[in-house]
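In what follows, a single structure is set out as structure tokens and then discussed.
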């Protein structure tokens, strides 16, 4: 599914030649309705609040900076999967883009977890995040199950928020914080300042699974 460009009509039901006027009205109605939400400016506001450039946001989402620029300027409407990926990066619910008040209590069933491979375009990536609390709007804590595949490579150093907590469920995980590497075995936990550059590396053989929580 491709993003919908403002340069062409939004597709609607195919009508006969005598109904072209109605088709144009429907297309204009859909365009006007999408524009009313001002999704692009909301994304730009979130990006600037996080002090991210378009290139940096592109690295986190797997989207090109050119596409993100068009979305922010309202020249392109993002698809739902694209919007979900952007929302995950900023820790907001989809409701944030549609002016709805999200619930303060939310249940995430196992089959409903949003999966986000890191990096987005790698297979396999360094790890896969499964969001545990994506359904909660305006959350201050991000909770994930992180799966580090046996064939995965070490993650790139990154920094975000203020604090991070890692608990190893199974396997062995090496976490590098600045110049310090800590090796965690099953049942071990680590807390650290996530505003400092840090990275992950699966150690030993087999897959490693960990619970990761971050504070914005």
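Which members of the stretch 178-205 meet the condition of being out of contact with any strand residue (DSSP E or B) (no Cβ under 8 Å at 6 or more places or on another chain) and not in a strand (DSSP E or B)? Listed by number, the residues that qualify are 179, 195, 205. Taking the options 113, 85, name whichever one is surrounded by 15 or more Cβ atoms within 10 Å (Cβ to Cβ), at pLDDT 90 or above and under 16 Å from residue 129 (Cα atoms). When all the criteria are applied, what remains is 85.
Being touching a helix residue (DSSP H, G or I) at 6+ places or on another chain (Cβ under 7 Å), modelled with pLDDT under 95, within 27 Å of residue 56 (Cβ to Cβ) and crowded, with 17+ Cβ neighbours inside 10 Å, is that true of even one residue in the stretch 155-164? So far as the stretch 155-164 goes, no, none of its residues is touching a helix residue (DSSP H, G or I) at 6+ places or on another chain (Cβ under 7 Å), modelled with pLDDT under 95, within 27 Å of residue 56 (Cβ to Cβ) and crowded, with 17+ Cβ neighbours inside 10 Å. Only one entry of 179, 101 meets the criterion of being modelled with pLDDT of 85 or more and either crowded, with 19+ Cβ neighbours inside 10 Å or over 15 Å from residue 210 (Cα atoms) (or both), and that entry is 179. Step by step: first the residues of the stretch 116-131, then only those that are assigned to a loop (DSSP other than H, G, I, E, B) and surrounded by 18 or more Cβ atoms within 10 Å (Cβ to Cβ), then the one that is modelled with the lowest pLDDT. Which residue is that? Filtering first and then ranking leaves 125.
Scanning the stretch 132-154 for residues being crowded, with 17+ Cβ neighbours inside 10 Å, modelled with pLDDT under 90 and touching a helix residue (DSSP H, G or I) at 6+ places or on another chain (Cβ under 9 Å) gives a total of 2.
The values are calculated or read from the model by the stated rules, or taken from the named source; none is laboratory data. Just so it is clear, the structure is predicted and the values come from calculations on it, not from any experiment. Neighbour counts are summed over all protein chains in view; Cβ atoms, including those assigned to glycine, are modelled from backbone coordinates with ideal geometry.
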